[in-house]
There are 2 protein chains.
Amino acid sequence: MTDHPFAFTLPLPEGVPSRIDNHVKRTLSSMRGQYLDEKAYEQQLATGDHTVYEVYELKGSEVAGELLMGVSVVHPGKVGKEFHMTKGHFHTVRETAEVYYCLKGEGFMVMETSEGQTAVEPMLPGKVLYVAPGWAHRSVCTSRQEDLVMFFAYPGNAGHDYATIEKRGFRKIILDGEDGISIVDNPRWRTP
Amino acid sequence: MTDHPFAFTLPLPEGVPSRIDNHVKRTLSSMRGQYLDEKAYEQQLATGDHTVYEVYELKGSEVAGELLMGVSVVHPGKVGKEFHMTKGHFHTVRETAEVYYCLKGEGFMVMETSEGQTAVEPMLPGKVLYVAPGWAHRSVCTSRQEDLVMFFAYPGNAGHDYATIEKRGFRKIILDGEDGISIVDNPRWRTP
């Protein structure tokens, strides 16, 4: 059990927490198969395995009743027309929620259930998002200059199921285009 | 179950959420017996039952795995030398944590366990506080001008036990004085 209170700050503009127990860096090579434009992906990877997003985690007990926290930072960029995004995941324990608070940047949270419901929520500083139990979620940064920085908290027993999304993707993807940003059906989405 | 994601904003400077399911207003009369200086309390109450703090709640399912959220606003003021504060509470289910994010103002979170451990954490904008399971907690506003505004999230099954604190108080209290703000032992704290 995490048996004593503790505090830390999220100093802007970076939003990186003043206490970090674990730092996850996801580079382009870890996102293979996730982007629509595979040719653009391979071309970009050939020029260098740059960082797509980072997660700063505060460790705690992975049990029900406790809360785990962290900050995700999605860097600006695109693969083909598709904006930088996190891998996205379901919680292993499906009946667990998550709360996000956006500190900086602009983008979307792309969400879906196993049953086929979808939701795409625009994120901007000062916005709180409640990810209901059973909803997979992925952060997408649509700013050209700024990181998308979000604080999150979720139940200690939630766990992460990345495999389901790695196999089939999300039903909705976020693309850049001449007419602006669009939310479109993912033509490569695979039925489970 | 809260079965669909939802979002809202916490626009500053007020920090009042753009979506509110329940608004709690605690006035001086609801804090009887909580302040050290009972004479000052009665004198102040005679001049009017002013609001000490407010809570804006987002409703959700009160079950494990879900998260309940809200914003607390403690207005500046004192009763005698003691700063304005919330009633404070344990969670009914002791094995549940809570996360606070300070949006505005300055103050303290006063905390203690049933076993007698105490912790007092200074709060200021940008600070995150993890209230570990089993720790009662009370917010105290020490600014002369500004509200102390904090966003919070906790497990849906936590519940609120106000009665224990109403009966015995917190072991530590926050007082104003000529030499500044002090954290002192509560002479009126009662053994359970």
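Take the convex hull of the alpha carbons in region A:48-110; its mean projected area over all directions comes to 5.8 nm². Sorted from nearest, the other copies put their B:Gly33 label points 6.2 nm away, the label point being 7 Å from Cα in the direction of Cβ. In units of the rule-of-thumb radius 2.2 N^0.38 Å, region A:1-157 shows an alpha carbon radius of gyration of 1.05.
Annotation for A:Ala46, label-to-label distances across the other copies: 8.7 nm (shortest first, one decimal, point 7 Å from Cα along Cα→Cβ). Here region A:118-160 is scanned for amide nitrogen atoms under 15 Å from the site 7 Å beyond the Cα of A:Asn186 along Cα-to-Cβ, giving A:118-121, A:135-141. Greater than 26 Å separation of Cα atoms is the criterion. Which listed pairs, A:Lys59/A:Lys104; A:Lys81/B:Lys127; B:Lys104/B:Lys167; B:Lys25/B:Lys78; B:Lys59/B:Lys104; A:Lys39/A:Lys59, meet it? Beyond 26 Å between Cα atoms: A:Lys81/B:Lys127; B:Lys104/B:Lys167; A:Lys39/A:Lys59.
In chain B, helices alone account for a calculated mean residue ellipticity at 222 nm of -2000 deg cm²/dmol, with every DSSP H run of four or more residues adding -39,500 (n - 2.57). Proximity of backbone amide H atoms, modeled 1.01 Å from N, is registered between A:Asp147 and no other residue at under 5 Å, excluding neighbours fewer than 5 places apart on the same chain.
Give me log10 I(q)/I(0) at q = 0.11 Å⁻¹ for the protein assembly as shown, Debye formula, one equal scatterer per alpha-carbon, no solvent. At q = 0.11 Å⁻¹ the computed log10 ratios are -0.78.
Shielding by partners for peptide B:7-15, expressed as the average number of C-beta atoms from other protein chains within 10 Å of each residue's C-beta, is 4. Label reach from A:Arg19 (point 7 Å along Cα→C-beta): in region B:134-170, amide nitrogens under 15 Å belong to B:135. The alpha carbons of region A:93-161 stretch over 35, 26, 18 Å along the principal axes, in descending order.
Across region B:101-112, rounded Karplus estimates of 3J(HN,Hα) from the backbone phi angles (6.51 cos²θ - 1.76 cosθ + 1.60, θ = phi - 60°) give 10, 7, 9, 6, x, 8, x, 9, 9, 9, 9, 7 Hz, Gly and Pro being marked x. In sequence order, region B:166-182 has phi-based couplings of 4, 6, 10, x, 9, 5, 10, 10, 10, 10, 8, x, 5, 9, x, 7, 10 Hz under the Karplus curve 6.51 cos²θ - 1.76 cosθ + 1.60, θ = phi - 60°, and Gly or Pro positions carry x.
Centre-to-centre separation between the Cα atoms of region B:74-144 and those of region A:125-139: 26 Å. Working note: Karplus 6.51/-1.76/1.60 with θ = phi - 60° gives region A:31-43 the couplings 10, 3, x, 8, 8, 4, 8, 5, 5, 4, 4, 5, 4 Hz, where Gly and Pro are set to x. Taking amide hydrogens as placed 1.01 Å from N in the peptide plane, the amide H of A:Gly107 sits under 5 Å from those of A:Met123, A:Thr142, each at least 5 positions away in sequence or on another chain.
Dividing the convex hull volume of the alpha carbon atoms of region A:1-41 by its residue count gives 133 Å³ per residue.
For B:Val184, the point set 7 Å out from Cα toward Cβ sits 6.9 nm from its twins in the other copies, listed from shortest up. Stokes-Einstein diffusion for region A:1-76, with the hydrodynamic radius set to the Kirkwood value over Cα pairs and evaluated at 20 °C in a medium of 1.002 mPa s, equals 145 µm²/s.
Okay, which of region A:148-192 sit inside 17 Å, backbone N to the point 7 Å along the Cα-Cβ direction of A:Ala40? Inside the label zone: A:170, A:172-189.
Readers should treat all values here as calculations from the given coordinates under stated rules, not as data from a laboratory. Quantities reported herein were computed from a predicted structural model and do not represent experimental measurements. Virtual Cβ from ideal backbone geometry, glycine too; neighbours counted across all protein chains shown.
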